[in-house]
Amino acid sequence: MAAPAYPAWVTRWVSGQWRNKKRPPTLRPPRALALADKVANRREQSTEATCITEMSVMMACWKQNDFNDTPCAEEIRMFYDCVAKAEKERKNQNEDTLSSRGNLPSSKVNKLLKRFPQITRYV
(Lines give C-alpha, C1' and ligand atoms only; values in the text may rest on other atoms or scores of the structure.)
Protein backbone atom coordinates (compact mmCIF):
# COMPACT_ATOMS: atom_id res chain seq x y z
CA MET A 1 0.00 0.00 0.00
CA ALA A 2 1.14 3.52 -0.72
CA ALA A 3 1.57 6.04 2.05
CA PRO A 4 -1.08 8.76 2.21
CA ALA A 5 -0.20 12.02 0.48
CA TYR A 6 -0.29 14.94 2.89
CA PRO A 7 -0.15 18.63 1.98
CA ALA A 8 3.29 20.23 2.09
CA TRP A 9 2.57 22.30 5.20
CA VAL A 10 1.76 19.14 7.20
CA THR A 11 5.10 17.61 6.23
CA ARG A 12 6.98 20.78 7.27
CA TRP A 13 5.08 20.97 10.54
CA VAL A 14 5.75 17.35 11.45
CA SER A 15 9.41 17.59 10.49
CA GLY A 16 9.91 20.48 12.92
CA GLN A 17 10.72 23.20 10.43
CA TRP A 18 8.55 25.65 12.37
CA ARG A 19 10.09 24.80 15.71
CA ASN A 20 13.25 26.89 15.21
CA LYS A 21 11.64 30.28 15.92
CA LYS A 22 9.47 29.87 12.88
CA ARG A 23 5.81 29.69 13.72
CA PRO A 24 3.07 28.34 11.52
CA PRO A 25 1.13 31.06 9.69
CA THR A 26 -1.55 32.71 11.79
CA LEU A 27 -5.07 32.66 10.52
CA ARG A 28 -6.60 36.11 10.49
CA PRO A 29 -10.31 36.48 9.83
CA PRO A 30 -11.18 39.05 7.14
CA ARG A 31 -13.78 40.65 9.46
CA ALA A 32 -14.40 40.87 13.16
CA LEU A 33 -15.90 37.70 14.56
CA ALA A 34 -19.34 38.88 15.63
CA LEU A 35 -22.87 37.72 14.98
CA ALA A 36 -25.11 39.69 12.64
CA ASP A 37 -28.03 41.69 14.01
CA LYS A 38 -30.60 39.40 12.40
CA VAL A 39 -30.92 36.29 10.27
CA ALA A 40 -32.94 35.75 7.10
CA ASN A 41 -36.56 34.76 7.61
CA ARG A 42 -36.95 31.25 6.31
CA ARG A 43 -40.14 29.29 6.38
CA GLU A 44 -39.83 25.99 8.16
CA GLN A 45 -40.97 23.22 5.84
CA SER A 46 -42.53 20.15 7.30
CA THR A 47 -40.47 17.07 6.69
CA GLU A 48 -43.33 14.63 6.36
CA ALA A 49 -46.77 14.74 4.79
CA THR A 50 -49.73 13.80 6.94
CA CYS A 51 -52.87 11.79 6.16
CA ILE A 52 -51.47 10.22 2.98
CA THR A 53 -53.00 6.82 3.74
CA GLU A 54 -56.46 8.24 4.41
CA MET A 55 -56.31 10.33 1.25
CA SER A 56 -55.31 7.37 -0.91
CA VAL A 57 -58.12 5.23 0.55
CA MET A 58 -60.61 8.03 -0.14
CA MET A 59 -59.42 8.45 -3.75
CA ALA A 60 -59.54 4.69 -4.36
CA CYS A 61 -63.12 4.67 -3.13
CA TRP A 62 -64.00 7.56 -5.44
CA LYS A 63 -62.45 5.74 -8.39
CA GLN A 64 -64.43 2.56 -7.64
CA ASN A 65 -67.69 4.51 -7.35
CA ASP A 66 -67.26 6.87 -10.35
CA PHE A 67 -66.39 9.83 -8.08
CA ASN A 68 -69.65 9.70 -6.18
CA ASP A 69 -69.43 11.00 -2.59
CA THR A 70 -72.33 9.11 -1.00
CA PRO A 71 -70.82 5.59 -0.97
CA CYS A 72 -67.48 7.02 0.24
CA ALA A 73 -68.85 9.03 3.16
CA GLU A 74 -66.93 7.00 5.76
CA GLU A 75 -63.59 7.39 3.95
CA ILE A 76 -64.16 11.13 3.48
CA ARG A 77 -64.99 11.52 7.18
CA MET A 78 -61.83 9.61 8.16
CA PHE A 79 -59.72 11.86 5.90
CA TYR A 80 -61.20 15.08 7.31
CA ASP A 81 -60.76 13.80 10.88
CA CYS A 82 -57.09 13.09 10.16
CA VAL A 83 -56.60 16.55 8.63
CA ALA A 84 -58.27 18.23 11.62
CA LYS A 85 -56.12 16.25 14.05
CA ALA A 86 -52.92 17.13 12.16
CA GLU A 87 -53.88 20.82 12.03
CA LYS A 88 -54.60 20.84 15.76
CA GLU A 89 -51.20 19.25 16.52
CA ARG A 90 -49.46 21.78 14.28
CA LYS A 91 -51.13 24.73 16.03
CA ASN A 92 -50.39 23.31 19.48
CA GLN A 93 -46.71 23.00 18.66
CA ASN A 94 -44.94 25.73 20.56
CA GLU A 95 -42.59 28.03 18.63
CA ASP A 96 -40.07 27.94 21.47
CA THR A 97 -39.34 24.29 20.93
CA LEU A 98 -36.61 23.13 18.60
CA SER A 99 -37.50 21.80 15.18
CA SER A 100 -37.00 18.17 14.26
CA ARG A 101 -33.50 18.98 12.97
CA GLY A 102 -32.56 20.65 16.27
CA ASN A 103 -32.54 24.21 14.91
CA LEU A 104 -34.37 27.24 16.21
CA PRO A 105 -36.78 28.94 13.82
CA SER A 106 -35.52 32.21 12.34
CA SER A 107 -38.14 34.28 14.18
CA LYS A 108 -36.90 32.93 17.53
CA VAL A 109 -33.27 33.59 16.58
CA ASN A 110 -34.12 37.19 15.65
CA LYS A 111 -35.86 37.68 19.01
CA LEU A 112 -32.79 36.39 20.84
CA LEU A 113 -30.44 38.60 18.80
CA LYS A 114 -32.57 41.65 19.63
CA ARG A 115 -32.56 40.70 23.28
CA PHE A 116 -28.78 40.23 23.37
CA PRO A 117 -27.27 42.70 20.86
CA GLN A 118 -23.65 42.51 19.75
CA ILE A 119 -21.19 44.91 21.36
CA THR A 120 -19.45 46.67 18.50
CA ARG A 121 -17.43 49.15 20.54
CA TYR A 122 -16.31 49.65 24.09
CA VAL A 123 -17.21 52.73 26.13
>> Residue under question is Glu89, and the condition is that it be open to solvent by 100 Å² or more (accessible area, probe 1.4 Å), without any contact (Cβ under 8 Å) to a residue 40 or more places away in the chain and not in a helix (DSSP H, G or I); does it hold?
In response: no
> When the range 55-76 is examined, which residues are found to be open to solvent by 60 Å² or more (accessible area, probe 1.4 Å) and not aliphatic (A, V, I, L, M)?
Replying inline: Ser56, Trp62, Lys63, Gln64, Asp66, Phe67, Asn68, Asp69, Thr70, Pro71, Glu74
>> Can you say whether Arg43 is within 21 Å of Val109 (Cβ to Cβ) and open to solvent by 100 Å² or more (accessible area, probe 1.4 Å), as far as the supplied structure shows?
In response: yes
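The values are calculated or read from the model by the stated rules, or taken from the named source; none is laboratory data. Keep in mind it's a predicted model, so treat the numbers as computed, not measured. All Cβ positions, glycine included, derive from the backbone under ideal geometry; neighbour counts span all protein chains shown. Note: areas computed on protein heavy atoms with side chains; ligands, DNA, RNA excluded. Shrake-Rupley method; radii C 1.70, N 1.55, O 1.52, S 1.80 Å.
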